[in-house]
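Working notes, beginning with the structure itself.
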Amino acid sequence: MEPEDHLFRREAGRMVATLTRIFGVHNLALAEDVVQDAFCRALEVWKFRGVPENPSAWLLTTAKNRALDVLRRERTARTFAPDLRRLLESEWTLAPAVEELFTPKQIQDDQLRMMFSCCHPRLREEAQVALVLHILCGFSVGEVAGAFVSTHTAMEKRISRAKKVLAGSRKLFDVTDSADFAARLPAVHRALYLLFNEGYHGASAESVVRAELCYEAMRLAALLRENSLTSTPATNALSALMSLHAARLPGRLDSSGELLSLFDQDRSRWDAQLVAEGEQLLDRSAVGSDLTEYHLEAAIAWAHTTAHSAHNTDWGMIVSLYDKLLVLRPSPVVALNRAIAMAQQEGPGRGLAEIRSIAKSKRLARYPFYHAACGELELRSGRQEVAREHFRTALKLARNPMERQFFEQRLTAPAKASSSCEDRSDHQSA
Amino acid sequence: MSEFIYLYRGGETNRSPERMQQTMQKWMAWFKELNQKGHVRDQGQPLERVGKLVTGKQKTVTDGPFAEAKDVIGGFTLIEARDLEQAVELSKGCPILEVEGVVEVRPVLKMNP
């Protein structure tokens, strides 16, 4: 049989999380070595004898046996997780304790512990996201660097510094109902949101990598939903937002791999199952009085996803959702998106006026879609030359080949008025 | 037809989970192809990279092998091919070559001279 795609990478996150729980967070590197060793054995054995019936269980058992070896061999030389010390010290309790620590429920909790631990307040958001991707999603340093279009050296520095902070935290984050927990959950949401956005908009030109980042963020969000403590309305809203956007991934690129504006997408290619999932999650998020930015963004995504075309989209509702979002998270990019929605509703002149009135619009100067939006609205107002100037500026600022192609196409064939509002704007980028 | 042994040496192992899985899938595809063409007499076995060396009349037992990591034999396969040339040609598809490993191709000595 063939192992499923990314099996090793997925299992790497689970195995490292559980081994770190047992060895203690200061022994993260040891946990990573044991995991690497388990993969080496799998590679050696499976290539000769074939993939076992249950490859995940095989890998976990291998990691568990290696963990037992390490615990026995290094008991005197190292200290392991302090709260497990008694259990791991005596040969009587060691094996049953490790067995218990490798049950599915425990492994699930360990992943949550690790997720929360990676979002340490002493780490910057980019470092948190890189750490989550590296430890919980099994991306190598090189692969994380590729996903974020960073150099290997820079990413290596960022990750090893982050690991030091993590190792220095002495104990993995305890996911229990405490004040710390409530304070840390928003940081976890934010990290997953950024991970998803990196996949949706990131600078990596390779669309496969980008889609994978989206799916990893969704997988981790699903872990949050499965635990009663972390399954909050905000978690559901964040998940809804991801599903509704991911539903549009298949329609975002045309047959030659070029970026399509929301207005030009073939809506029949959107993933109906993800739309349905997103709607369910959005319903579930609407309990309690909590209204987060994820609720609002999910509602905006829902308005787009359920409209049959750009023309019969409820732009009035979208504008009012952006109004609320501006209160929760004031940002020039959100204001820009609001202006674009306004133009749909009341014409390009109104849109341009709204854009001109954006506070702190200077911060948009380096954001290519700002210039592209101006270009589109000028074009729709019949001012071709001004429009072209805007598109040229957008082209100069393009962050990846896909964006470049997109603006080039607007520049050379601007006869058909469309909209350069990209499928979805990254609200945090400016 | 003659018999040959492939000895697999070295092969870089410090790679990301994703790359390791890809390497494994390549090995499986390679073995499948060799099998389909009827070249595999015995797919062979993987070997632990460590073991013991028993030496001399004293039967001294030491840890080993002491070879460099790149020279340690990681496994073997018994191959059937027309001649050494064909056995060598077939070995060129081995994925270990992509990760700085070596395939040693050795004819099995025949009973009949």
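Against the condition touching a helix residue (DSSP H, G or I) at 6+ places or on another chain (Cβ under 7 Å), surrounded by fewer than 22 Cβ atoms within 10 Å (Cβ to Cβ) and not assigned by TED's automatic domain parsing to the domain that holds A:Asp83, how does A:Thr230 come out, does it pass? Yes: the conditions hold for A:Thr230. The set of residues from segment A:149-163 being assigned to a helix (DSSP H, G or I), surrounded by fewer than 19 Cβ atoms within 10 Å (Cβ to Cβ) and either among the β-branched types (Val, Ile, Thr) or in contact (Cβ under 8 Å) with a residue 24 or more places away in the chain (or both) comprises A:Thr153, A:Arg161.
Within the set B:Lys57, B:Lys52, the sole residue that is among the charged types (D, E, K, R) and in a strand (DSSP E or B) turns out to be B:Lys52. Could you check segment B:57-113 and list, in sequence order, the residues that are among the acidic types (Asp, Glu) and at positive phi? Answer for segment B:57-113, where residues must be among the acidic types (Asp, Glu) and at positive phi: just B:Glu100. Being touching a residue at least 40 places away in the same chain (Cβ under 8 Å), out of contact with any Asp or Glu (no Cβ under 8 Å at 6 or more places or on another chain) and of a type outside the set (Val, Ile, Thr) is a condition met by at least one residue of segment A:388-400. The requirement of being of a type in the set (A, V, I, L, M, F, W, C) and more than 13 Å from every other protein chain (Cβ to nearest Cβ) is fulfilled nowhere in segment B:28-35; no residue meets it.
With the requirement that a residue be aliphatic (A, V, I, L, M), within 11 Å of chain B (Cβ to nearest Cβ) and either assigned to a helix (DSSP H, G or I) or touching a strand residue (DSSP E or B) at 6+ places or on another chain (Cβ under 9 Å) (or both), what does segment A:1-31 give you?
If the condition is that a residue be aliphatic (A, V, I, L, M), within 11 Å of chain B (Cβ to nearest Cβ) and either assigned to a helix (DSSP H, G or I) or touching a strand residue (DSSP E or B) at 6+ places or on another chain (Cβ under 9 Å) (or both), then A:Leu7, A:Ala12, A:Met15, A:Val16 are the ones that fit.
Go through segment B:86-113 residue by residue and tally those that are over 15 Å from B:Tyr8 (Cβ atoms) and in a helix (DSSP H, G or I). Break it down stepwise before answering.
First, pick out the residues of segment B:86-113 that are over 15 Å from B:Tyr8 (Cβ atoms): B:86, B:89, B:107-113.
Next, only the ones that are in a helix (DSSP H, G or I) stay: B:86, B:89.
Going through segment B:86-113 one residue at a time, the tally reaches 2.
Among the residues of segment A:281-304, those that are in a helix (DSSP H, G or I) and over 20 Å from the mean Cα position of the chain (by Cα) comprise A:Asp283, A:Arg284, A:Ala303, A:His304. Applying the criterion of being within 30 Å of A:Leu136 (Cα to Cα), in a loop (DSSP other than H, G, I, E, B) and not polar (S, T, N, Q) to the residues of segment B:1-37, the residue that is farthest from the chain's Cα centre (by Cα) is B:Arg15. Inside segment A:32-85, can you point out the residues that are more than 14 Å from chain B (Cβ to nearest Cβ) and either charged (D, E, K, R) or on the phi > 0 side of the Ramachandran plot (or both)? Listed by number, the residues that qualify are A:Glu53, A:Lys64, A:Arg72, A:Arg73, A:Glu74, A:Arg75, A:Arg78, A:Asp83, A:Arg85.
The values are calculated or read from the model by the stated rules, or taken from the named source; none is laboratory data. Worth saying up front: this structure is predicted, and the values here are computed from it rather than measured. Positions of Cβ are generated from backbone atoms using ideal geometry, with glycine treated the same way; all protein chains shown enter the neighbour counts.
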